[in-house]
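Asks: Would you mind keeping the following structure in view while I ask a few things?
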Amino acid sequence: MKSNIKTMIGLISLVCIWGSVWPIYKYALQFSPPVLFSGIRSIIAGFLFALILIPQWKHIKWKENWSVYVMSSIFNVVIFYGMQSVGLQYLPAGLYSVIVYLQPVLVVILAWAYLKETLTKIKIIGVLLGFLGVVMVSLDGISGKIAPIGFVLAVITAAGWAIGTIYVKAKSNVVHGVWLVAIQNVIGGLCMLIYGLGVEDIQTIEWNGWFIVCLLYGAIFGVAIAFIIYTHLMSNGEAGKVSSFTFLVPLIAVLLGTIFLNEPFTISLFIGMVLILLSIYLINKKSKVVNLKDNAETIHMKQTL
């Protein structure tokens, strides 16, 4: 019972943090080039946690786990955060979030294929409803400048996030979870910073109060704390079920706009909210239906006999 309560608190905290950072990141990009912003944000997050974890430095086990840290850095930081910041320049935030939130759909499929998690018809219906819900929630925000490269970057972001999620889940028993978050952000952040210095002008960054607040909030909450919660939840539960709750992130982002920015509560938002909640229920519903892969193998055996 206590573990269920902790899990629910973790999920609520995660979706609220991620839901709030989308508009904050979009706002911060008017003061900084995207890659440099992502790089600095990730480095700050990584070093803050590294300083806290110094007494536990023996848990790093760099020789044994360096490849895990590097791979996680590529998918979960460079591709996810880097592509996200660049892509938001080419697509409206609403449309970009719709494409990025293909991630839970991809995670369910990858978790079935590589982690042997169950994939039932109800779960398939659930993820499709969830994605449709994200589309409905973001529908009113899909306006403005649209460039084809933005679609490509958004798909890469979603795929990188999904692969990184499955990879971390598969390696969760190998590496120290919090050290993974710290090191992947330092490595990924340095990669983005070096690249950003080559293609962007660091002098264009406006170090004003609002930018610093956005930077620190993004680093501490949006990157470090959120990813620690996400990694912990993934390590202790099914990847597909945990990812299903991320469908709530764009919903939270839009609801915050409705509450604090006086944006309208539309019929599409209501429909999307219902679809997302129904999706989460279906994906997490306990079912007696067998794994589709196992079911197919059983049918094949019967046909052979």
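Asks: Taking segment 61-216 on its own, what percent of its Cα-Cα pair distances exceed 22 Å? Intermediate values should be presented prior to the final figure.
Replies: Working: 6364 of 12090 pairs.
Within segment 61-216, distances greater than 22 Å cover 53 percent of Cα pairs.
Asks: Under 10 Å, Cα contacts only: if you run a Gaussian network model on the chain, which one of Glu206, Glu117, Glu64 comes out with the highest mean-square fluctuation?
Replies: Glu64
Asks: Is any helix in the chain, taking whole DSSP H runs, at least 20 angstrom long along its axis by alpha carbon and on average at least 0.5 on the Kyte-Doolittle scale, and which ones?
Replies: 2-28, 34-53, 121-138, 148-170, 177-199, 267-284
Asks: Hey, another quick one. Can you tell me the Rg and Dmax of segment 1-143, counting just the alpha carbons, in angstroms?
Replies: Reported Rg and Dmax, both Å: 18.1, 50.
Asks: Restrict the search to segment 157-204; then list the chymotrypsin sites (Phe, Trp or Tyr not before Pro) that DSSP places in a loop and that have at most 12 other Cβ atoms within 10 Å of their Cβ.
Replies: Passing both the DSSP loop test and the Cβ count: no residue.
Asks: Oh, and also: Rounded, prolate or oblate: which fits segment 96-139 when a ≥ b ≥ c are the square roots of the eigenvalues of the alpha-carbon gyration tensor, with rounded for a/c under 1.5 and prolate only if a/b beats b/c?
Replies: It comes out oblate by the Cα gyration axes.
Asks: Find the Cα radius of gyration of the chain, compare it with 2.2 N^0.38 Å by division, and give the number to two decimals.
Replies: Rg over 2.2 N^0.38 Å, computed on Cα atoms: 1.02.
Asks: Work out which trypsin sites (Lys or Arg not before Pro) in the chain are exposed loop sites (DSSP not H, G, I, E or B, at most 16 other Cβ within 10 Å) and give the longest gap free of them.
Replies: 146-284
Asks: Modelling each spin label as a point 7 Å along the Cα-to-Cβ direction, I'd like the Gln30/Thr7 distance in nm, to one decimal.
Replies: 4.2
Asks: Can you tell which of Gln89, Gln56, Gln184 shows the greatest fluctuation in a Gaussian network model of the chain with Cα springs below 10 Å?
Replies: Among Gln89, Gln56, Gln184, the largest GNM mean-square fluctuation belongs to Gln56.
Asks: Using the Kirkwood formula over every pair of different C-alpha atoms, what hydrodynamic radius in Å results for segment 11-80?
Replies: Here the Kirkwood hydrodynamic radius works out to 14.4 Å.
Asks: Over the chain, with the other protein chains present, what is the accessible area per residue in square angstrom, probe 1.4 angstrom?
Replies: On a per-residue basis, 49 Å².
The values are calculated or read from the model by the stated rules, or taken from the named source; none is laboratory data. Keep in mind it's a predicted model, so treat the numbers as computed, not measured. Positions of Cβ are backbone-derived with ideal geometry, glycine not excepted, and every protein chain shown enters the neighbour counts. Just the protein is used for accessible areas: all its heavy atoms, side chains included, with ligands, DNA and RNA removed. Shrake-Rupley method; radii C 1.70, N 1.55, O 1.52, S 1.80 Å.
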